[in-house]
Amino acid sequence: MNNDQLIQLLELLKTDVINSMQAAGKDATGQTAQQLTIVDNGCNVQLQLPGYLQLLETGRGPASPDAVAGDLPMIQRIQQWCQAKGIPDKAAWAIKKSIDKKGFKGTPGLITEPLGNDNINLRLNAAMDDIASLIGEELIGLIDQ
């Protein structure tokens, strides 16, 4: 499988993750979907996900008193979410305090289903069928010569 074929496979998986997020109502602003990137450095190809995406699936517990701030302060993400949902900005602080105090429940399967073995095998089987067809055509071409 060459890099172009791997990129096509990863594009399908990326779409599956985005569809999963949308179906679960976890992509209000669209920013998370934009942060799903496929990186090709010539030697390998990767689907990269923002670190907080795992939290959307697993949830998170209450914040500890000495919690370290993330890359984008949580309050900004909450404010963006509030805007996308039509919730007043002033509610963002209350939501943040509630999450700090109680944590939040995740959505099981949000990323593990689209990135699970069953879905990857389904996507790989289709890609492998295409590769097998190409090889078959090449072999037939060689035989006909």
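The values are calculated or read from the model by the stated rules, or taken from the named source; none is laboratory data. For clarity, every value in this text was computed on a predicted model and none was experimentally measured. Here Cβ is always computed from backbone atoms with ideal geometry, including for glycine, and neighbour counts include all displayed protein chains. Heavy atoms of the whole protein, side chains included, go into the accessibility calculation; ligands, DNA and RNA do not. Shrake-Rupley method; radii C 1.70, N 1.55, O 1.52, S 1.80 Å.
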Checklist entry - Which residues, taken from segment 104-126, are over 19 Å from GLY25 (Cβ atoms), small (Gly, Ala, Ser) and at pLDDT 85 or above? => result GLY116
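Residues checked against (1) within 26 Å of THR15 (Cα to Cα); (2) touching a helix residue (DSSP H, G or I) at 6+ places or on another chain (Cβ under 7 Å); (3) among the acidic types (Asp, Glu):
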{"site": "GLN46", "(1), (2), (3)": "yes, no, no"}
{"site": "PRO50", "(1), (2), (3)": "yes, yes, no"}
{"site": "ASP66", "(1), (2), (3)": "no, no, yes"}
{"site": "ILE78", "(1), (2), (3)": "yes, yes, no"}
{"site": "GLN83", "(1), (2), (3)": "yes, no, no"}
{"site": "ILE95", "(1), (2), (3)": "no, yes, no"}
{"site": "SER98", "(1), (2), (3)": "no, no, no"}
{"site": "GLY116", "(1), (2), (3)": "yes, no, no"}
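Okay, residues lined up against (1) polar (S, T, N, Q); (2) under 15 Å from ILE111 (Cβ atoms):
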{"site": "ASN2", "(1), (2)": "yes, no"}
{"site": "ASN19", "(1), (2)": "yes, yes"}
{"site": "LYS26", "(1), (2)": "no, yes"}
{"site": "PRO65", "(1), (2)": "no, no"}
Checklist outcome for this item: Cβ pairs under 6 Å, 6+ apart or interchain, first in segment 127-145 and within 21 Å of LEU13 (Cβ to Cβ) and modelled with pLDDT under 85, second among the aliphatic types (A, V, I, L, M) and surrounded by 10 or more Cβ atoms within 10 Å (Cβ to Cβ), ordered by first then second residue, are ALA127/LEU9
Checklist entry - Considering only segment 2-31, how many residues are hydrophobic (A, V, I, L, M, F, W, C) and loosely packed, with under 13 Cβ neighbours inside 10 Å? => result 1
Checklist entry - Out of the residues in segment 32-54 that are open to solvent by less than 70 Å² (accessible area, probe 1.4 Å) and in a helix (DSSP H, G or I), which is nearest to LYS105 (Cα to Cα)? => result LEU53
Item to check | Subset of segment 55-84 (residues that are modelled with pLDDT of 90 or more and surrounded by fewer than 16 Cβ atoms within 10 Å (Cβ to Cβ)) | outcome: THR58, GLY59, GLN83
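Could we say that ALA94 is hydrophobic (A, V, I, L, M, F, W, C), in a helix (DSSP H, G or I) and open to solvent by less than 70 Å² (accessible area, probe 1.4 Å) here? Please lay out each step first, then the result.
Working: hydrophobic (A, V, I, L, M, F, W, C): yes; in a helix (DSSP H, G or I): yes; open to solvent by less than 70 Å² (accessible area, probe 1.4 Å): yes.
Spelling it out, ALA94 is indeed hydrophobic (A, V, I, L, M, F, W, C), in a helix (DSSP H, G or I) and open to solvent by less than 70 Å² (accessible area, probe 1.4 Å).
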Checklist entry - When THR107 is evaluated against the numbered criteria (1) closer than 26 Å to MET74 by Cα; (2) part of a helix (DSSP H, G or I), which criterion, by number, is the only one it fails? => result (2)
Checklist outcome for this item: Checked GLY109, GLY116 against criteria (under 18 Å from the mean Cα position of the chain (by Cα), under 30 Å from LEU6 (Cα atoms), without any contact (Cβ under 8 Å) to a residue 24 or more places away in the chain and open to solvent by less than 60 Å² (accessible area, probe 1.4 Å)); the one match is GLY116
